[in-house]
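One structure is given here, and the rest of the page talks about it.
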Amino acid sequence: MRPEFLIDKPHFDAASGTARFSYGLDGRRFTETLQFPPGWEGRILGTDVFDKLLDLAAMVLGVSYYKLQAPFVIAAPDIALRDAEKAFVLDVYENGMGEFFARNDLKRFGRLSIETPVDARPSLPAPVLRGRTLLPIGGGKDSLVSVQLLEAAGVQFTPFAVNPRGPILSSIGEIGREPLYVTRTLDPEMLRLGKEPGYYNGHVPMTAINSLIAALCALLYSYDRIVLSNERSASEGNVSYDGREVNHQYSKSLAFEALLADTLAGATGGALGYFSLLRPFSEAKIARLFARQTRFDHVFSSCNRNFRYDGHTGPLWCGECPKCHFVFLILAPEMEKARLVSIFGRNLLAIIENEASFRELTGLAGQKPWECVGEILEAAACLYALTERPEWAEDAIVARLKGDLVTQYGSGRLVAALEDLMADDDHHRIPPDIAERVMNHAV
């Protein structure tokens, strides 16, 4: 019998507001649930469009269970997909799991098969959705810049999160709008096996997962657009493996955004939009926009080390991981030093033990870290900018890396790079009406 990952037909229980997703792998069965809050519009339940999105969610959420053994065959005998939908699912399981494959040395690219019946139905009728925005909040600076821009433009939105905790809760509390929360409960046996010998563990495309959950919410509670907060540097990869570029942030990339947007549009008759509001901007530009306001200074965090599936286990910033170091670095040229140090609790550029991490971030040593950090040249340009500022120039990391930055890149290239980072990119999928209302507030 060939090894395969089995995806069952999902089920939504209207009485409890619970969606159930079941999977099979190596004779084991797994079930996870999504608990939706009261208030959904009952007219959408049982429609072809809702069932289609529920099926697509089942396929995408399955990556958390697939990774235990990563077989070559993904089978869903009771879920019918169009060719384009099957291509989307394959992309999630290949490129979306690229880091997982690379770090576990599993050669799967171009070798996986998605086995489902063919959905030969014509286009599904478009549901009538209200002109409202669902805005996922991750607790970091990016989604909070989206908040600032939407507020300034007068665009109404609802904060959204899956399993909110830590800085997500504190950030949404500061936003002051009624949020929409979904509780995702993973199968405990999967979590246990992921720690056992003989099973794999690693990174899964969380943005893809949360986006499909958001899409279900958009139908259930009537929102016609989901607005992400992914910047342009998310499209830069980390390493080459098995003949492909592997990107830790693949499900935040422009390529995936386009693929998922087209998939959602096709599944809903064009009723549901999906795009990133921050795609034209670099991380450095987003840092500049974030620094304009102080209200989120002590509630936000982009540190992943202290925030896990099972809850908040530490302070907002660990101060030791590449994500902490990168965010500190790009905010430093945009904030007064005392303000930034008060946010992080210490000056991360004055701690000599952080040197190796900053060398990786700036491309002076090793590969780009497996984290949601910006482009290598971007980090190098920001660090070089600090060498010209008296309040930062003597800090240990800044002083020690200055010469190597100039040797590797040249001062002219670094200065030009920082200027380019403040210019907006035309490669984005923001609808013209939204772009016109929002972009004037991002100058």
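The values are calculated or read from the model by the stated rules, or taken from the named source; none is laboratory data. Predicted, not measured: the structure shown is a model, and the values here were computed from it. As a convention, Cβ positions derive from the backbone with ideal geometry for all residues, glycine included, and neighbour counts pool all protein chains shown. Calculation scope for accessible area: heavy atoms of the full protein, side chains included, ligands and nucleic acids excluded. Shrake-Rupley method; radii C 1.70, N 1.55, O 1.52, S 1.80 Å.
Structure summary
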{"read-out": "Hey, F109 assigned to a loop (DSSP other than H, G, I, E, B) and farther than 30 Å from P431 by Cα or not", "value": "yes"}
{"read-out": "Evaluation of E378 against (1) modelled with pLDDT of 95 or more; (2) not in a loop (DSSP other than H, G, I, E, B) (one fails), failing number", "value": "(1)"}
{"read-out": "In the range 24-38, residue least open to solvent (accessible area, probe 1.4 Å) [restricted to those that are over 17 Å from L212 (Cα atoms) and of a type outside the set (A, V, I, L, M, F, W, C)]", "value": "G24"}
{"read-out": "Residue in the range 195-206 that is farthest from F36 (Cα to Cα), counting only those that are at pLDDT 95 or above and either open to solvent by less than 20 Å² (accessible area, probe 1.4 Å) or in contact with a Phe, Trp or Tyr (Cβ under 8 Å, 6 or more places away or on another chain) (or both)", "value": "Y200"}
{"read-out": "L418 vs. criteria touching a Ser or Thr at 6+ places or on another chain (Cβ under 9 Å), in a helix (DSSP H, G or I) and touching a residue at least 40 places away in the same chain (Cβ under 8 Å)", "value": "no"}
{"read-out": "Flag if R339 is part of a helix (DSSP H, G or I), surrounded by fewer than 16 Cβ atoms within 10 Å (Cβ to Cβ) and either among the basic types (K, R) or at pLDDT below 95 (or both)", "value": "yes"}
{"read-out": "Failed item, numbered, when A385 is tested on (1) touching a Pro at 6+ places or on another chain (Cβ under 6 Å); (2) surrounded by fewer than 18 Cβ atoms within 10 Å (Cβ to Cβ)", "value": "(2)"}
{"read-out": "Residues within the range 64-101 that are touching a strand residue (DSSP E or B) at 6+ places or on another chain (Cβ under 9 Å), under 23 Å from D48 (Cβ atoms) and of a type in the set (D, E), tallied", "value": "2"}
{"read-out": "Residues (closer than 25 Å to V49 by Cβ and crowded, with 20+ Cβ neighbours inside 10 Å) located in the range 130-154", "value": "T133, L134, L135, P136"}
{"read-out": "Filter result (within 25 Å of G46 (Cβ to Cβ), among the aliphatic types (A, V, I, L, M) and open to solvent by 30 Å² or more (accessible area, probe 1.4 Å)) within the range 247-281", "value": "A265"}
{"read-out": "Checklist (1) in contact (Cβ under 8 Å) with a residue 40 or more places away in the chain; (2) part of a helix (DSSP H, G or I) applied to Q367, failing item", "value": "(2)"}
{"read-out": "Residue identified as within 26 Å of the chain's Cα centre (by Cα) and either farther than 22 Å from S146 by Cα or aromatic (F, W, Y) (or both) among L414, L377, L405, L386", "value": "L377"}
{"read-out": "Criterion: at pLDDT 95 or above, surrounded by fewer than 19 Cβ atoms within 10 Å (Cβ to Cβ) and under 28 Å from S253 (Cα atoms) - qualifying residue of A76, A57, A84, A70", "value": "A84"}
{"read-out": "Boolean, V89 is buried (at least 23 other Cβ atoms within 10 Å of the Cβ), of a type in the set (A, V, I, L, M, F, W, C), touching a helix residue (DSSP H, G or I) at 6+ places or on another chain (Cβ under 8 Å) and at pLDDT 95 or above", "value": "yes"}
{"read-out": "Single residue of the range 1-12 satisfying the filter (surrounded by fewer than 12 Cβ atoms within 10 Å (Cβ to Cβ) and either at pLDDT 95 or above or farther than 15 Å from K67 by Cα (or both)) that is nearest to the chain's Cα centre (by Cα)", "value": "R2"}
{"read-out": "G24 being of a type in the set (G, A, S) and modelled with pLDDT of 95 or more", "value": "yes"}
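One line per residue, one yes/no per condition, for (1) of a type outside the set (S, T, N, Q); (2) open to solvent by 30 Å² or more (accessible area, probe 1.4 Å); (3) touching a Pro at 6+ places or on another chain (Cβ under 9 Å):
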site	(1), (2), (3)
A356	yes, yes, no
L361	yes, no, yes
I376	yes, yes, no
P390	yes, yes, no
A399	yes, yes, no
L405	yes, no, no
